[in-house]
Structures are given as C-alpha cells and as structure tokens.
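Data block below; observations after.
The values are calculated or read from the model by the stated rules, or taken from the named source; none is laboratory data. Keep in mind that what you see is a predicted model, and the values were worked out from it rather than measured. Methodologically, a virtual Cβ is constructed for each residue, glycine included, from the backbone with ideal geometry; neighbour enumeration extends over all protein chains shown. The protein model used for the area step is the full one, side chains on, heavy atoms only, and it has no ligands, DNA or RNA in it. Shrake-Rupley method; radii C 1.70, N 1.55, O 1.52, S 1.80 Å.
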Amino acid sequence: MTFLLAALIVAITLGITFWASKRNTSASDFYVAGGRISATQNGIAIAGDYMSAASFLGITGLIALNGYDGFMYSVGWFIAYLTVLFIVAEPLRNLGKYTLADMLVYRLRDPRVRTYAAISTIVVSAFYMIAQVVGAGSLISLLSGGVLKASVAIPLVGVLMIIYVVVGGMLATTWVQIVKAALLMFATVVMTVLILNRFGWSFSNLLGAAEAKNGADFLGAGLKYKNPIDLISLSLALVLGTAGLPHILMRFYTVPTAQDARKSVVWAMVLIGAFYVMTAFMGNAANVLVGKGAITEANAAGNMAAPLLAQALFGGAGTLGGEFGLAFVTAVAFATILAVVAGLTIAASTSFTHDIYNGVIKHGQAGEAEQFRVARLATVAVGIIAILLGLLAQSQNVAFLVALAFAIAASANLPVILFTLFWRRFNATGAIWGIVGGILTCLALIAVSPNIMGIDPPEKTTGRHPIQAAPLFGLENPGIISIPAGFLFAALGTMVGASRRNEGAEQAFEEMQFRAYTGAGTDGTVAAHD
Amino acid sequence: MTVSRVQSGSPPRGNAAYQQLVAERNRFTLIMSVTFLVLYFLLPIMAGYNKPLMATKVFGNVTFGYVFAFAEFAMGWIMAAIYVVRARQFDRLAREAQL
C-alpha cells in the first residue's frame, strides 16, 4: 500500500512537471519561473521548501525521544522567518534577478564576488541535499522491510528529482512544493485532531500521559542539551541561518515585486508556525502511543516516529486503518524529500549556470538557449553528485548535515548580506573574506567537533566517529563561534580592501539603497532581460 | 555580466520622502530585530540556565517552558503583523520618493 500511495504521489508530481515543461521556454522561466509566481503560491512553496524531512520526521522523533528539548528546533526554525521578513526578503527582491550573487555584484561592482557567492551557494545546497537524500534512502529501505536497500533508494530519489528539475524547471518545482505542502499540512492536521480526540482535547492531558510514562524530566529542558552553550549555539545557527539559505532566498526572485516577497514570507510564517506548533502534539503523542522502545527499534535517530504514530492513531499495526495511516504518512514524507531536493537542485544548478558559467566563464555573453541547455546539464551533474555523495554518507547521522548547512549559511552568507545592505564602506574584499572565512571556520570547527571526533566503545559498530579521538571543540553546532567569525572576517577584509582604489563605491551604496528601499527600476520588470 | 543599472538615475539627495523613508525604515528594522532576537534568545538561555522554572507547571501539566515556547510563536505572528502594517506606510513613502 505504501508503494501504491507513493507511486500515486510521484505520478501526480510528474504530471505537474510535464505540464510545466510546456511553459518553460527561456532561461528565466527555468531559473525563477519567469518571476510570475503569485505571493500566495510562493508563500506555500517557501513553506514547502522549509518543512523538510528534518522538520517532519526529525523533530517529531526528537520530541518523542527527548521531550521538550526537541521542541526547541521548532521554535528556532519558525522565529528564523522574522529575520527573513524584516531584513532580507524585500531588498533582495528589489536588487536581484536570479541569485544572491546578482545582488552582491550590483552593490559591490566586482565580478570576483560572483564566483565566491556561487561557491557558497553550492556548498550550502550540497550539505542540505546530502542530508535529504540520505534521509530518503533510509526511509524507503525501512518501509520496504529492507527489500529496497538505501543504496537503491538513494539513486531512485536522485533520478526522480533530476526529472522534475530538468523537465519542469522552477515552475514545476514550485507546484510540486505546493502540492507537497498541502499534503503535509493535511496529514499533520488529521494526526493532531486524532491526538486531541484521544487525550480529551487537552494538551495538559497529553503532557500528563507523557510524564506518567517518562518522569517529570520529559516536560522540562535539559534531556538532550546538558550544556546550555550547546543549545544557544544551535539556536543562533537556526535563527540566523535561514536568511542565508540559497533555496529560500531564490524563492524571492520568483515573484514580481518586493510587496509580493513580503506577502510570501507572511504566508509561509502562518503555515510553518501552525505546522511547528503541531510538532509538540505529534512528538509527545508518539512517545505515549508508540513508545521510545518501538521508535528507536525502527530507527535509532527517531526518524520513524511520525509514520509509526500515524499507524497507532489509525488503529494500530496489522489493522487496515493502521497500515493505511503508515502508508499515507510515509508517502507524504517521500514527497517532502523529493520536493525539497528538487528545490535545492535548482538553486545549485542556477547558481552554477547563471553565476559561474554565464557570469564568469562567458562574461555574460551566453545566449538564452545556451544558458537553458547548460542549466539542464548542470542539473543532471548536480543530481549525480548528490547521489554519489548521498551513497558515501548513507551511514552518517543526517541531522548534523542539516545543522551544518544552517551554520554555514549563517556564517558565510548572512554577514555579507547584512553588510552589503547596511554598511556604506563594505567592499568586495570584505565580501570574499566573509564568505571564505565563514565557510572555513565552520568546516574546521565541525571537523574537530563531537560530530566527527569521538571515542566509541569497542562493541559499537554502527555510527562510529570517523576520527577516534577526543573532540577538540566541544559543541555540536559551531554557530556561536563561526557566525561572529564570519562577521569579523567580512569586517577585516573590508579594512584590507579599503587601501585599494575604490572609486564610486559610496555612490554604488547610495544607488543600491535607493533601489532596495523604493524598488525604483525594479517594479515587476526585474525579471525581464538585461 | 553586468546587472542593469537603476533606470531612474541616482537617488535624489534633496528628496524629503526618501530621506524620511531611509531613516524610518532603518530605525524600525533595528528596533524590531533587536526586540525579537532578545525575546527569542531568552528561551534557549532560560532552557539552559533555569531548568527548574522551565519545568514548573502552570496550567495542569503544561509547564512554563511550553507556555513560553508557544508564546514565541504568538510573538512571531504578532511581530509579522506589525511589520506588514508598517510596511504599507513604507510603500507609500517609497512611491512618493520616486515621484
């Protein structure tokens, strides 16, 4: 039944893809759906891009296993949208065309910045994508009872997503997101209603049952994060990382105006907020109705908590309802992963084609047809790389890859975006130093953190740390060090670069600010061609 | 690749509506951002350093920690609503600035 439902969802999304392929005629259509998506559609698609497997499967599992601490992820990921709404959404829409690099180059007037911004986009997308692909692999292999191994499931997901993007471009990707977001919200609402029905329509009763089963600690903080600094560092990366995620930023170029960008974020906040509030119900209910033992038996990281909860709510294992619930939620999770991976792929391949191929290699001289062809080729290449990296990383913990993507985005992209918008003296050297310094600090700290370094007991064979030594850096998420480091590098680079000739930089700032704040010269026409 | 230049030329320095827009918008962004970051970070800081308070029950079995976390969601929606209302005023100023 799982396969029938999953196949149905895949068939629907492929249908959308072929419908969209008829409307894809230019590079602009492929990259940003010609900038013609409405604010409401885009808001739902942003929510779809964001509510990934890490949110749906991951958070439900984290709450089911760790209680209150798991819910901290939900709050952080939601509040992150205030950063997006207040600071980046509207100016980005006013200044850019297809990618983050457009905005940086517009202000900093230096083509070198384009290369570095593209590299950062590709690095962040890659880490995020590997996590999703690996998640899909383990989900499918678990549900097929081991018949489909992860090494088969990962290429399967990769190929499907290549088809979505190559054939349908941004328009299809957006509609796949919308369908997936609707399915996910529907599944979550139905489960929450069933949970409330079980517990006398009272969150207090639900918490009481969780307390009776696990002890009072479960309702309070500290089960997962013993060290407060760990939690604060993670919170920093979550709340500041979103505003630097390439696949989220790119969504602002699919709408015609800054006002639409703002409306999209508000729509996304309504949906994402409602969804994350419901994770508190799902996680606690999974703990009570399924139990920690059964959840960790299915998957040690807790990723199966949501599907197992659906099975329990619809009548339990072995009943028709139970099996349907399990199949439906699994199919939704599968659609979720496909859609998110498609969104990431388009961000990475657009950045490669528009910024590196056309911007740097061809100096902006590549024609529409050529760009379109290269974008499709780049998508296939990005997809194959994601499949290969996913296969290599298949035994790794996927949560750390996602947190790593957020940390890199917060450390490398956010300082540069903020300084570009608000610092008159900021220059290209500062941008390059900020991007490179942010990425390297982040990667270096991760390499010596407990994610990679640690001493496993000899009897443990799975989940071994790649480096068997005591970690040199104690925190799981490097945000608290690497985000300030990103700002520091950007500021230092600016000082160093200021000694060079920099004529017109202040005028560029004035011009940028005028356009960013008023939308002058951009209203509805920014997606048109140069 | 060159990004297209602003069509309407350089920013008018003597433009009162534009000056007002920049000053008000920057002030508003700063105040709102600082407010929400301080309110948000109270949650992980208290979850880290004041575990007994977070575990205190306020309604039935609902702990202070959950009330606080749900309040963060309410704060997010309220601040987004305030922003939308204020942004409409900025939109008007932006139109005036371009005249």
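Suppose the filter is at negative phi, more than 8 Å from chain B (Cβ to nearest Cβ) and more than 20 Å from the chain's Cα centre (by Cα); does A:F203 pass it? Outline the logic, then answer.
Values: at negative phi: yes; more than 8 Å from chain B (Cβ to nearest Cβ): no; more than 20 Å from the chain's Cα centre (by Cα): yes.
Against the criterion (at negative phi, more than 8 Å from chain B (Cβ to nearest Cβ) and more than 20 Å from the chain's Cα centre (by Cα)), A:F203 does not qualify.
Results for (1) under 21 Å from the mean Cα position of the chain (by Cα); (2) among the basic types (K, R); (3) more than 28 Å from A:F18 (Cα to Cα); (4) not in a helix (DSSP H, G or I), shown as yes or no for each residue.
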residue	(1), (2), (3), (4)
A:V105	no, no, yes, no
A:S125	yes, no, no, no
A:Y128	yes, no, no, no
A:V134	yes, no, no, no
A:S138	yes, no, yes, no
A:L148	no, no, no, yes
A:P155	yes, no, no, no
A:V167	no, no, no, no
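Given the residues A:T25, A:T40, which is the only one that is in a helix (DSSP H, G or I) and among the β-branched types (V, I, T)? Give the derivation first.
Numbers: A:T25 fails: in a helix (DSSP H, G or I).
After applying the criteria, what remains is A:T40.
Give the number of residues within segment A:267-282 that are under 17 Å from the mean Cα position of the chain (by Cα), of a type outside the set (G, A, S) and within 10 Å of chain B (Cβ to nearest Cβ). Before you say what the answer is, go through the steps one by one.
At the first step, the residues of segment A:267-282 found to be under 17 Å from the mean Cα position of the chain (by Cα) are A:268-269, A:271-273, A:275-276.
Next cut, of a type outside the set (G, A, S) only: A:269, A:271-272, A:275-276.
Now narrow it down to the ones that are within 10 Å of chain B (Cβ to nearest Cβ): A:269, A:272, A:276.
The qualifying residues number 3.
Which of the residues that make up segment A:34-50 are under 11 Å from A:V270 (Cβ atoms) and open to solvent by 10 Å² or more (accessible area, probe 1.4 Å)?
The answer is A:T40, A:I44.
Hey, A:V436 hits all of (1) closer than 14 Å to A:R107 by Cβ; (2) at pLDDT 95 or above; (3) surrounded by fewer than 24 Cβ atoms within 10 Å (Cβ to Cβ); (4) not small (G, A, S) but one; which does it fall short on?
(1)
Within segment B:40-49, which residues are open to solvent by 60 Å² or more (accessible area, probe 1.4 Å) and over 24 Å from B:M79 (Cα atoms)? Break it down stepwise before answering.
Looking only at segment B:40-49, we keep the residues that are open to solvent by 60 Å² or more (accessible area, probe 1.4 Å), and these are B:42, B:45, B:49.
Result: B:Y49, single match.
Looking at segment A:78-85, can you tell me whether even one residue there is polar (S, T, N, Q) and either away from chain B (no Cβ under 14 Å) or buried (at least 24 other Cβ atoms within 10 Å of the Cβ) (or both)?
So the first thing to find is which residues in segment A:78-85 are polar (S, T, N, Q), and the list is A:83.
Cutting the leftovers down to either away from chain B (no Cβ under 14 Å) or buried (at least 24 other Cβ atoms within 10 Å of the Cβ) (or both) gives us none.
No, every residue in segment A:78-85 fails to be polar (S, T, N, Q) and either away from chain B (no Cβ under 14 Å) or buried (at least 24 other Cβ atoms within 10 Å of the Cβ) (or both).
Give the residue that is nearest to the chain's Cα centre (by Cα), with candidates limited to residues of segment B:42-77 that are under 15 Å from A:S233 (Cα atoms) and more than 7 Å from chain A (Cβ to nearest Cβ).
First, the residues of segment B:42-77 that are under 15 Å from A:S233 (Cα atoms): B:42-49.
Okay, now just the ones that are also more than 7 Å from chain A (Cβ to nearest Cβ), so B:42, B:46.
Numbers: B:L42: 16, B:M46: 22 Å.
So the residue we want is B:L42.
The rows are residues; the columns are (1) closer than 20 Å to A:F352 by Cβ; (2) open to solvent by less than 20 Å² (accessible area, probe 1.4 Å).
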| residue | (1), (2) |
| --- | --- |
| A:E370 | yes, no |
| A:I384 | yes, no |
| A:S411 | no, yes |
| A:L418 | no, no |
| A:A431 | yes, yes |
